[in-house]
Amino acid sequence: MRFTVAIDGPAAAGKGTVSRAIAERFGFAHLDTGLLYRAVGAKVLAGADPVAAARDLRPEDLEAGDLRTQAVAEAASKVAAIPQVRAALVDFQRSFARREGGAVLDGRDIGTVICPEAEVKLFITASAKERARRRWLELREKGADVTLEQVLAEVEARDARDRERATAPLEIAPDAVVIDTSEMDIEQAVAAAAAHVEQRL
Ligand code: C5P
């Protein structure tokens, strides 16, 4: 069975959590496509050329330990604006999406560019304020010394870069279902997403 669930949306809207839960619930494979850009970003921080790093990317690079830092997130959002970097990552994502047994891919351009034929397209969002609050709580739990205002500024800067870039900007596919998680907890967001998958199975 081939079945693709495309999940897009801005940072910290709950995309990752919902994607993992949907993959587990339906037995689908999951690809967090942000990791591809983060892995390229990490190589650039280590001195590599972005396009060469994207072309040479290997699956094991996605398991590097330090891909979740703010510095790597920044670098990722910059390399993600380079058309040749994006082009180099397309085939890997498309083959993952059409693998036997079903796949969930989450990112920014899955329903619009990578998998326009996906069986289910979800756009998971939340207000910038709420996303910043969630990210801030997460960072504080890890012991980071940041203010809510700093996190909000970072979230807004990254949103603006993702929405305004010329190639594959963050936008809602015309046939995507929008789930706003501002007022939802995780269980509610997962239930809303799962209902759409069930409808199409
Ligand atoms: O989702 P995550 O925060 O890990 O993504 C890191 C960066 O990678 C994003 O800010 C975005 O610029 C970029 N990205 C992208 N297209 C995707 C996934 C991520 O441009 N499909």
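The values are calculated or read from the model by the stated rules, or taken from the named source; none is laboratory data. Because the structure is a prediction, the values reported are computed rather than measured. Here Cβ is always computed from backbone atoms with ideal geometry, including for glycine, and neighbour counts include all displayed protein chains.
Quick check on Glu187: is it more than 24 Å from Phe3 (Cα to Cα), loosely packed, with under 12 Cβ neighbours inside 10 Å and either in contact with a helix residue (DSSP H, G or I) (Cβ under 9 Å, 6 or more places away or on another chain) or at pLDDT 95 or above (or both)? Break it down into steps so the answer makes sense when it comes.
Numbers: more than 24 Å from Phe3 (Cα to Cα): no; loosely packed, with under 12 Cβ neighbours inside 10 Å: yes; either in contact with a helix residue (DSSP H, G or I) (Cβ under 9 Å, 6 or more places away or on another chain) or at pLDDT 95 or above (or both): yes.
No, not satisfied.
Return the pair list, or none, for Cβ contacts closer than 7 Å from residues in the range 8-29 that are farther than 10 Å from Asp106 by Cβ and part of a helix (DSSP H, G or I) to residues that are at pLDDT 95 or above and away from the ligand (no atom under 13 Å from the Cβ), at least 6 apart or on different chains.
Ala21/Val190; Arg25/Ala194; Phe26/Gly102; Phe26/Val197
For the range 161-176, give me the residue count where each residue is surrounded by fewer than 16 Cβ atoms within 10 Å (Cβ to Cβ), in contact (Cβ under 8 Å) with a residue 40 or more places away in the chain and over 21 Å from Leu89 (Cα atoms).
1
Mind telling me which of the residues Ala13, Ala6, Ala39 ends up being within 11 Å of the ligand (Cβ to nearest atom), within 16 Å of Asp162 (Cα to Cα) and surrounded by 15 or more Cβ atoms within 10 Å (Cβ to Cβ)? Walk me through it before giving the result.
Working: Ala6 fails: within 16 Å of Asp162 (Cα to Cα); Ala39 fails: within 16 Å of Asp162 (Cα to Cα).
Answer to the selection: Ala13.
Matching residues to (1) within 16 Å of the ligand (Cβ to nearest atom); (2) buried (at least 19 other Cβ atoms within 10 Å of the Cβ); (3) at pLDDT 95 or above; (4) assigned to a loop (DSSP other than H, G, I, E, B):
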{"position": "Val104", "(1), (2), (3), (4)": "yes, yes, yes, no"}
{"position": "Phe123", "(1), (2), (3), (4)": "yes, yes, yes, no"}
{"position": "Lys129", "(1), (2), (3), (4)": "no, no, yes, no"}
{"position": "Asp159", "(1), (2), (3), (4)": "yes, no, no, no"}
